[in-house]
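**Q** First, the structure itself, so that you have it in front of you.
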Amino acid sequence: MLFMARARSKDNSRNKQKNIRSNVFRQKERRFKRELAPESSAKDGSAKFSFTQAKSVERLLQGIGTPEPKPLVPDDFQTEALAAIETQDVLVTAPTGSGKTWIAREEIRRLLEQKKRAWYTTPLKALTNSKYTEFSAEFGAENVGILTGDRKENWDAPLIVGTTEIYRNQLFDALRSGEQVNADFVILDEAHYLADEERGHVWEEAIILSPPRIRLLLLSATIGNAEEFAHWIEEVRGMRVRVINRAGTRPVELRAAFLAPNAQLYPLFDESGKMNREIEQFAQEENRFERRPRY
């Protein structure tokens, strides 16, 4: 009995010490949060722009909005590609936002009217899902299917949107079974992935294994050696390849900004194109918070 009483006494002592330490920790944690809160949160009305910053933000946001509805007038490179794809493979290089997908969409429309079939391949599941949604709204959900590692919907539709790996796998399956791939036209979006060290072989195999009866439309914004690329395709497929290069800057300008913890907006770059030095103050504040002792 004496031994049990001593054991209970020791347990009670340990529990009291544990509770004391826990209370001290909570008190220090609350104190730390109270000290940090005024510095990490902006008070109402504290986000005031200086005159210089207000002007820089005005320039950043200038012209942003919904443009007036106007009839679409295709660029010359778009109509040239659309005409060439009737009889040749076509490689289109053009900056992002210049309308490469319009070429694919108009040719898909023409093929669907002729009761033919098309494949639209992308390197990313997210992009595949986006194009599936876009084309379903454009051509009707009953005419569009999707094939990725995660999704298989309406797989027998006349237009299939899928990852390049899935299309390549169908080519291998057709070789093994002695059958034909059920497609008349294939779009290889982001065709520059051919140069990717890890996945480039997928694009290479897709191009080599596609039967000559299937016309290819290759789209990319970043192919620097388009003529060399096209010459290789001609060698492996025995088909002429038309290179259409829409040189120049992006028609849709990119603007980058930093939203600070105090709810102010800072352009990421100054007028000279260098990093905006005003943003450095927030990095310094964050480092100061990280250096604080945490209990």
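**Q** Which ones in the range 83-110 are surrounded by 19 or more Cβ atoms within 10 Å (Cβ to Cβ), among the hydrophobic types (A, V, I, L, M, F, W, C) and either touching a Phe, Trp or Tyr at 6+ places or on another chain (Cβ under 9 Å) or under 26 Å from A157 (Cβ atoms) (or both)?
**A** Matches in the range 83-110: I85, V90, L91, V92, A94, I103, A104, I108.
**Q** State which residue is farthest from N225 (Cα to Cα) when the search covers only the range 69-114 and only residues that are charged (D, E, K, R) and not in a helix (DSSP H, G or I). Outline the logic, then answer.
**A** First, pick out the residues of the range 69-114 that are charged (D, E, K, R): 70, 75-76, 80, 86, 89, 100, 105-107, 109-110, 113.
Now drop any that are not not in a helix (DSSP H, G or I), which leaves 70, 75, 86, 89.
Values: K70: 35, D75: 23, E86: 24, D89: 17 Å.
Going through the qualifying residues, I end up with K70.
**Q** Pull out all pairs, ordered by first then second residue, where Cβ-Cβ is under 7 Å, the residues are six or more apart or on different chains, the first lies in the range 125-138 and is acidic (D, E), and the second is at pLDDT 95 or above.
**A** E138/R105
**Q** Here's something else I'd like to know. How many residues are at positive phi and hydrophobic (A, V, I, L, M, F, W, C) when one looks only at the range 67-120? Break it down into steps so the answer makes sense when it comes.
**A** Of the residues in the range 67-120, the ones at positive phi are 97, 99, 115.
Now narrow it down to the ones that are hydrophobic (A, V, I, L, M, F, W, C): none.
Qualifying residue count for the region: 0.
Yes or no, residue by residue, for (1) more than 23 Å from I85 (Cβ to Cβ); (2) among the aliphatic types (A, V, I, L, M); (3) not in a loop (DSSP other than H, G, I, E, B):
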site: A126; (1), (2), (3): yes, yes, yes
site: G149; (1), (2), (3): yes, no, no
site: E165; (1), (2), (3): yes, no, yes
site: L175; (1), (2), (3): yes, yes, yes
site: E179; (1), (2), (3): yes, no, no
site: A183; (1), (2), (3): no, yes, no
site: H192; (1), (2), (3): no, no, yes
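**Q** Right, next: If you go through the range 166-180, how many residues are over 16 Å from I208 (Cβ atoms) and hydroxyl-bearing (S, T, Y)?
**A** Selection size over the range 166-180: 1.
**Q** Does A206 count as surrounded by 12 or more Cβ atoms within 10 Å (Cβ to Cβ) and either over 30 Å from T122 (Cα atoms) or modelled with pLDDT of 80 or more (or both)? Working first, answer last.
**A** On the way: surrounded by 12 or more Cβ atoms within 10 Å (Cβ to Cβ): yes; either over 30 Å from T122 (Cα atoms) or modelled with pLDDT of 80 or more (or both): yes.
For A206, the condition - surrounded by 12 or more Cβ atoms within 10 Å (Cβ to Cβ) and either over 30 Å from T122 (Cα atoms) or modelled with pLDDT of 80 or more (or both) - is met.
**Q** Quick check, is E35 at pLDDT below 80 and at negative phi?
**A** Numbers: at pLDDT below 80: yes; at negative phi: yes.
In short, yes.
**Q** Which numbered condition in (1) under 18 Å from V181 (Cβ atoms); (2) in contact (Cβ under 8 Å) with a residue 60 or more places away in the chain is the only one that N154 fails?
**A** Evaluating N154 over (1) under 18 Å from V181 (Cβ atoms); (2) in contact (Cβ under 8 Å) with a residue 60 or more places away in the chain leaves (2) as the failure.
**Q** Right, something else. Do the conditions hold for R250, that is, is it assigned to a loop (DSSP other than H, G, I, E, B), surrounded by 12 or more Cβ atoms within 10 Å (Cβ to Cβ) and not small (G, A, S)? So that I can check it myself, show each step before the final result.
**A** Numbers: assigned to a loop (DSSP other than H, G, I, E, B): yes; surrounded by 12 or more Cβ atoms within 10 Å (Cβ to Cβ): yes; not small (G, A, S): yes.
Yes, satisfied.
**Q** I've got another one for you. Is it true that I214 is buried (at least 17 other Cβ atoms within 10 Å of the Cβ), closer than 30 Å to I103 by Cβ and either among the acidic types (D, E) or in contact (Cβ under 8 Å) with a residue 40 or more places away in the chain (or both)?
**A** Values: buried (at least 17 other Cβ atoms within 10 Å of the Cβ): yes; closer than 30 Å to I103 by Cβ: yes; either among the acidic types (D, E) or in contact (Cβ under 8 Å) with a residue 40 or more places away in the chain (or both): no.
So I214 does not fit the description; no.
**Q** Out of everything in the range 194-211 that is touching a residue at least 24 places away in the same chain (Cβ under 8 Å), part of a helix (DSSP H, G or I) and not aromatic (F, W, Y), what residue ends up being farthest from K116 (Cα to Cα)?
**A** If we take residues in the range 194-211 being touching a residue at least 24 places away in the same chain (Cβ under 8 Å), part of a helix (DSSP H, G or I) and not aromatic (F, W, Y), then L194 is farthest from K116 (Cα to Cα).
**Q** What are the residue pairs meeting all of these: first residue in the range 217-245, first residue of a type in the set (F, W, Y), second residue part of a strand (DSSP E or B), Cβ atoms under 7 Å, and 6 or more apart or on different chains?
**A** From the range 217-245, the pairs are F229/L91.
**Q** Taking the stated definitions as given, is D173 touching a strand residue (DSSP E or B) at 6+ places or on another chain (Cβ under 9 Å), surrounded by fewer than 13 Cβ atoms within 10 Å (Cβ to Cβ), closer than 20 Å to W119 by Cβ and assigned by TED's automatic domain parsing to the domain that holds E80? Break it down into steps so the answer makes sense when it comes.
**A** Details: touching a strand residue (DSSP E or B) at 6+ places or on another chain (Cβ under 9 Å): no; surrounded by fewer than 13 Cβ atoms within 10 Å (Cβ to Cβ): yes; closer than 20 Å to W119 by Cβ: yes; assigned by TED's automatic domain parsing to the domain that holds E80: yes.
Criteria not met by D173.
The values are calculated or read from the model by the stated rules, or taken from the named source; none is laboratory data. Worth saying up front: this structure is predicted, and the values here are computed from it rather than measured. Using ideal geometry, Cβ is built from the backbone for each residue, glycine included, and neighbour counts are taken over all protein chains shown.
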